[in-house]
Amino acid sequence: MQKKSLMKRLIHTYAAILIVVILIFSLMVSYATTQSDRTAVQNQVDQITKKVSAVTGGYQTDLRRMINDLFPDQARLDSMRDYFYMDFSKYYTQQLGRPQFQLFPRDVEKLYERYDAIEGFVISLEATNDIYHSSRDNKMGSKPEQLPDISDYMVFSRPIINYDAYLPLGNIYLYIDYSVFDTIVQQEQRFVEPIVFLLSSTGNIQYQYNMGNGDVLQEHIKTQYETRSPLDSAIFEQYVYNRVELSDGSVLIVAADKHDIFMKSFSTYALITAGGTFLIVILLFVLFRTFGRYDTQVNDVLGTMERVRRGNVSDRIEIQNKEDELLTISRAINETLDKDESLY
């Protein structure tokens, strides 16, 4: 077996070192990118959790204040109840005759000036199921026959307590546009599509931000509530997530799919890996081309010298394909061989 020349061994050694160094660099960058993205996504999930919790808590606090503003005493509750059971003209006349004029629809209208992002209110009475509805288009409200469709809104509710008996008189429902929450989520959406579910204490989805990547999780949550099973199960291992129980018993889940994180990281370091591979190919091409040409010239010199040693003293090194120091060496050897031949 022919032994490899020193030059070929050097070329293969340099090539191996080059490949290993660039591959290690690519792997280090890939690992650092993945860890950085995971940290960034966890921060994204934490921020969304914090802000949605704060906004939800803020509206719950506002609703409590609204009830206190509307019904600070039993007289205001009686005024609301009279509004439900009387024609507006009779109700208005009745209120004018009282020492302190109190007009329930006007009190509701003022709430829109004090609180932001309110889309409307619904008040229902326990005993009769009568309904009052106020909206931005009709702030003083009306008494519709049926409950208006507010399924496209985020709804917060609290009971209205009768001061005399401390029993529920009815319920008040505050509803706001989902865009309030969508804006919060989208402002923090810097890395991957987040998944957000706000669940009532019974498991109904009050709000969701789901671009399709949370369908599996949504179905799982629905199944877990139906079977009364705990939410913290193996499926959550597929996600970076936070699960927070809010003061009213509702549950906020904010998650990010680990597959989405991987694809985000891959899209970043794939370019680096591709660039590293391209660099390896270019450097190897230059390395083998340059040193390969040098190795060919060295082998030509050695081959000629071997033939001369074996007795073919008329052989000379071909100098047309020699470069740099090998050209100088080849000329010197040829001149030496010419002198030696002339002696004999």
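The values are calculated or read from the model by the stated rules, or taken from the named source; none is laboratory data. Treat the numbers as computed from the prediction; the structure is a model and nothing was measured. Because the Cβ atoms are built from the backbone with ideal geometry, glycine has one as well, and the counts that use them run over all protein chains shown.
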* To do: Spot the failing condition for Gln186; the list is (1) buried (at least 18 other Cβ atoms within 10 Å of the Cβ); (2) in a helix (DSSP H, G or I); (3) modelled with pLDDT of 85 or more; (4) not aromatic (Phe, Trp, Tyr), and only one is missed.
  => (1)
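Table: residues versus (1) surrounded by 13 or more Cβ atoms within 10 Å (Cβ to Cβ); (2) touching a residue at least 12 places away in the same chain (Cβ under 8 Å); (3) of a type in the set (Lys, Arg).
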{"residue": "Lys264", "(1), (2), (3)": "yes, yes, yes"}
{"residue": "Thr273", "(1), (2), (3)": "yes, yes, no"}
{"residue": "Ile280", "(1), (2), (3)": "yes, yes, no"}
{"residue": "Leu287", "(1), (2), (3)": "yes, yes, no"}
{"residue": "Arg309", "(1), (2), (3)": "no, no, yes"}
{"residue": "Ser314", "(1), (2), (3)": "no, yes, no"}
{"residue": "Asn321", "(1), (2), (3)": "yes, yes, no"}
{"residue": "Glu325", "(1), (2), (3)": "no, no, no"}
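Yes/no per residue for (1) of a type in the set (Phe, Trp, Tyr); (2) over 26 Å from Tyr175 (Cβ atoms):
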| site | (1), (2) |
| --- | --- |
| Ile24 | no, yes |
| Tyr31 | yes, yes |
| Ser36 | no, yes |
| Asn68 | no, no |
| Gln74 | no, yes |
| Ser79 | no, no |
| Asp87 | no, yes |
| Gln94 | no, yes |
* Structure fact -> Here the residues within the stretch 188-217 that are within 17 Å of the chain's Cα centre (by Cα), among the polar types (S, T, N, Q) and within 12 Å of Ile253 (Cβ to Cβ) are Gln208, Asn210
* Residue list for the stretch 125-171, restricted to those being without any contact (Cβ under 8 Å) to a residue 24 or more places away in the chain, in a loop (DSSP other than H, G, I, E, B) and surrounded by 12 or more Cβ atoms within 10 Å (Cβ to Cβ) -> Pro144
* To do: Hey, can you tell me all the residues within the stretch 235-253 that are polar (S, T, N, Q) and either closer than 18 Å to Gln208 by Cβ or surrounded by 15 or more Cβ atoms within 10 Å (Cβ to Cβ) (or both)?
  => Gln238, Asn242, Ser250
* To do: Might you check whether a residue that is in a strand (DSSP E or B), in contact with a Leu (Cβ under 6 Å, 6 or more places away or on another chain) and within 30 Å of Asp152 (Cα to Cα) occurs anywhere in the stretch 236-247?
  => yes
* To do: Output the residues belonging to the stretch 113-162 that are out of contact with any helix residue (DSSP H, G or I) (no Cβ under 8 Å at 6 or more places or on another chain), over 21 Å from Tyr178 (Cβ atoms) and among the aliphatic types (A, V, I, L, M).
  => Ala127, Ile131, Ile161
* Structure fact -> Reported set for the stretch 217-234 where residues are surrounded by fewer than 15 Cβ atoms within 10 Å (Cβ to Cβ) and either among the hydroxyl-bearing types (Ser, Thr, Tyr) or within 24 Å of Asn43 (Cβ to Cβ) (or both) is Thr223, Thr227, Ser229, Asp232, Ser233
* Asked: Going by the structure shown, is Gln297 more than 30 Å from Asp62 (Cα to Cα), of a type outside the set (Val, Ile, Thr), without any contact (Cβ under 8 Å) to a residue 60 or more places away in the chain and not assigned by TED's automatic domain parsing to the domain that holds Val192?
  -> yes
* Residues satisfying the stated conditions in the stretch 88-124, i.e. loosely packed, with under 12 Cβ neighbours inside 10 Å and assigned to a helix (DSSP H, G or I) -> Ser89, Lys90, Thr93, Leu96, Glu113, Arg114
* Those residues of the stretch 35-60 which are among the charged types (D, E, K, R) and either closer than 26 Å to Met154 by Cα or surrounded by fewer than 17 Cβ atoms within 10 Å (Cβ to Cβ) (or both), in sequence order -> Asp46, Lys50, Lys51
* Asked: Here are Val122, Val155, Val108, Val185: which of them is touching a Phe, Trp or Tyr at 6+ places or on another chain (Cβ under 7 Å), assigned by TED's automatic domain parsing to the domain that holds Asn204 and within 23 Å of Gly57 (Cα to Cα)?
  -> Val185
* Selected residue (criterion: modelled with the highest pLDDT) from residues of the stretch 289-307 that are under 50 Å from the mean Cα position of the chain (by Cα) and loosely packed, with under 13 Cβ neighbours inside 10 Å -> Arg289
